[in-house]
Amino acid sequence: MTAEALSPELENIVANATAAAPALAATSPKARAHALVAVADALEAAKASLVEIAMRETGLTDVRLNGEVTRTAVQLRLFADTLVDGSYLDARIDYADPEFALGVRPDIRRTHVPVGPVINFSASNFPFAFSVMGGDSAAILAAGCPLIVKAHSGHPDLSDATAEVATSALTAAGMPAGTFQLIHGREAGVAVLKDPRVKAGAFTGSINVGRLLADIAASRPAPIPFYGELGSVNPVFITAAAIEERAVDIASGYLVSVSGSAGQLCTKPGFAFIPEGSALPEAIQAAAGELSEHRLLDPRIARSFNERREAIVTASGVRPVIEGGIRFDEAGHGWATPTIVAVSLEDFRANKEALVEEAFGPLSILVETPEGTDLAALMPEFYEGNLTGTLHLSSNEATGETANAAELRALVEALSQQVGRVLFNGWSTGVAVTPAQQHGGPWPATTNDTSTSVGSSAIKRFLRPVAYQNAPAAFLPETLRDANPLGVPQALARAGESQAWGTAAQG
């Protein structure tokens with residue numbers, strides 16, 4: 001694949017980002033941290049006007065959107081703290097050692113540097129937290145990479161307004177011109193992704209589009225990393241003892257998790273495996289009450305959900321637990337109420353192709369498993385990769401000392417092979433923004449399951465390691481100098497220490 005000539009507007013944008021790359025990489029971590037905090041402050045100051053635009057364009061509630069602005073600010077401040085801490089650089093110094101076990105060891109020092117300009121494709125369902133100044137953008141800027149954001153077509157006005165706030169804050173904080181820029185249109189995004197001056201890509205969205213973009217990134221003459229978060233059905237396993245102990249709480253939590261934000265969350269529980277003949281379906285019906293309808297993000301998503309819902313509810317053996325439905329208004333927007341259906345494991349197997357695909361909206365399937373079913377074997381049978389997998393256990397089962405403990409451990413191990421986050425007695429739609437968070441998983445949950453898009457570890461996607469051998473101090477990055485002027489953590493290996501390798505294993 002050869003790079004195509006860009007339009008004058010896009011050429012100017014990519015050229016600006018390329019020119020900004022060395023200047024931005026040279027800024028101190030504390031300076032970038034100050035800039036990220038400035039953006040967070042500016043977004044919170046503009047919250048009222050931004051939320052008003054977001055409500056109009058997305059149909060999400062003011063409560064949800066106000067909370068999302070707060071989350072976005074928290075993400076930015078988390079990366080600011082990450083920069084000040086400095087451990088993300090993973091600075092390592094192996095001093096010269098003439099008595100090294102394998103011969104004379106030179107002085108070798110290793111750290112991480114920004115990859116260069118990055119394009120980030122915004123998500124539709126998180127117009128703040130995974131959009132223009134969302135987690136991916138925060139990680140890219142924190143890493144010291146110029147950022148080009150491709151705005152999502154579902155909220156163009158909000159994208160422009162957010163970009164204006166961010167640009168002003170970054171400029172006032174002294175960041176180089178070209179640090180952050182916004183573009184519109186899928187064709188423009190693809191053209192920028194193909195440009196050899198762009199060194200990485202990030203994306204949150206559908207499997208089809210994510211795969212298309214990932215293939216473009218991989219087929220360039222010089223392939224680049226592409227970090228896409230795509231589809232996930234997030235299976236849940238609920239034991240008979242857990243249902244007997246707290247059916248009402250489980251039913252209520254399940255409904256909230258399925259219906260929140262009209263089910264338009266990548267972590268929505270799409271399937272719950274429950275014991276055949278359990279009381280949970282009745283508990284769900286009792287917990288439903290009067291379910292209010294919620295507008296889906298845009299007409300395209302509404303039409304897609306309607307098609308998936310129809311395919312699921314009409315599949316053989318599927319029966320309604322909560323009927324739910326969707327109506328369309330004159331503008332083409334879809335307004336949905338939650339749909340919960342149940343199906344036997346036998347019929348689920350027989351209708352796998354119709355049922356197993358993600359339904360992006362307020363719908364979930366209860367799969368009723370006969371007694372003695374090998375639950376651990378169900379994961380590789382039905383799923384590839386997922387963002388999350390959840391277990392609901394009784395208080396006795398949580399001790400790990402019940403008769404089914406070995407079966408539950410096998411299930412946990414099976415989940416850990418195919419998801420990025422294993423939850424116990426909770427719901428996957430709560431994604432805490434913390435340093436230890438893992439938001440990723442094997443394909444098709446993500447295009448690269450060795451990283452996360454939430455939490456401070458997300459910065460690592462936009463850095464690459466460089467080692468310096470026998471470098472004079474004057475030519476070393478500050479992070480690798482003995483004086484350590486930035487005060488970052490340094491892992492030191494002094495002369496003679498290699499002789500002790502292996503002693504810990506012998507102890």
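If you go through segment 465-500 and keep only what is of a type in the set (K, R) and closer than 19 Å to V84 by Cα, you end up with just R481. Counting the residues of segment 186-204 that are open to solvent by 30 Å² or more (accessible area, probe 1.4 Å) and either at pLDDT below 95 or assigned to a loop (DSSP other than H, G, I, E, B) (or both) gives 3. In segment 208-220, the residue that is nearest to P444 (Cα to Cα) out of those that are open to solvent by 60 Å² or more (accessible area, probe 1.4 Å) and of a type in the set (A, V, I, L, M, F, W, C) is L212.
Within segment 375-397, the only residue that satisfies the criterion of being surrounded by fewer than 17 Cβ atoms within 10 Å (Cβ to Cβ), assigned to a loop (DSSP other than H, G, I, E, B) and under 25 Å from the mean Cα position of the chain (by Cα) is E384. The strands (runs of 3 or more DSSP E) located wholly in segment 402-507 that include 3 or more residues which are surrounded by 14 or more Cβ atoms within 10 Å (Cβ to Cβ) and touching a residue at least 60 places away in the same chain (Cβ under 8 Å) occupy 463-469. Per the listing A241, A217, the residue uniquely of a type in the set (A, V, I, L, M, F, W, C), under 30 Å from L463 (Cβ atoms) and modelled with pLDDT of 95 or more is A217. Among residues of segment 98-111 that are closer than 18 Å to A473 by Cα, those with a Cβ under 9 angstrom from a residue that is of a type in the set (K, R) and surrounded by 11 or more Cβ atoms within 10 Å (Cβ to Cβ), sequence gap 6+ or separate chain, pair up as I108/R92; R109/R92; R109/R481; R110/R92; T111/R92.
The single condition among (1) in contact with a strand residue (DSSP E or B) (Cβ under 6 Å, 6 or more places away or on another chain); (2) farther than 16 Å from L158 by Cβ that T27 does not meet is (1). In summary, helices (runs of 4 or more DSSP H) completely within segment 24-87 and bearing 2 or more residues that are closer than 17 Å to I140 by Cβ, of a type in the set (S, T, N, Q) and open to solvent by less than 20 Å² (accessible area, probe 1.4 Å) occur at 62-85.
When segment 192-217 is filtered for residues that are in contact with a Phe, Trp or Tyr (Cβ under 7 Å, 6 or more places away or on another chain) and either over 21 Å from S304 (Cα atoms) or among the basic types (K, R) (or both), the ones remaining, listed by number, are A200, G201, A202, A214, A217. Quick one: is G154 more than 14 Å from the chain's Cα centre (by Cα), not in a helix (DSSP H, G or I) and not aliphatic (A, V, I, L, M)? Yes: the conditions hold for G154. In segment 88-114, of all residues being part of a loop (DSSP other than H, G, I, E, B) and within 30 Å of S457 (Cα to Cα), the one that is least open to solvent (accessible area, probe 1.4 Å) corresponds to D107. Specify the residue that is nearest to Y254 (Cα to Cα); the eligible residues are those in segment 346-365 that are outside any helix (DSSP H, G or I) and open to solvent by less than 40 Å² (accessible area, probe 1.4 Å). Checking each candidate, the answer is S364. Here S159, S168, S153 are screened, and the one residue that is surrounded by 23 or more Cβ atoms within 10 Å (Cβ to Cβ) and small (G, A, S) is S159.
The values are calculated or read from the model by the stated rules, or taken from the named source; none is laboratory data. Note that the coordinates shown come from a computational prediction; the quantities given were computed from them, not determined experimentally. Quick reminder, even Gly has a Cβ in these numbers, built from the backbone with ideal geometry, and neighbours come from all protein chains shown. All accessible areas refer to the heavy atoms of the entire protein, side chains included, with ligands and DNA or RNA removed. Shrake-Rupley method; radii C 1.70, N 1.55, O 1.52, S 1.80 Å.
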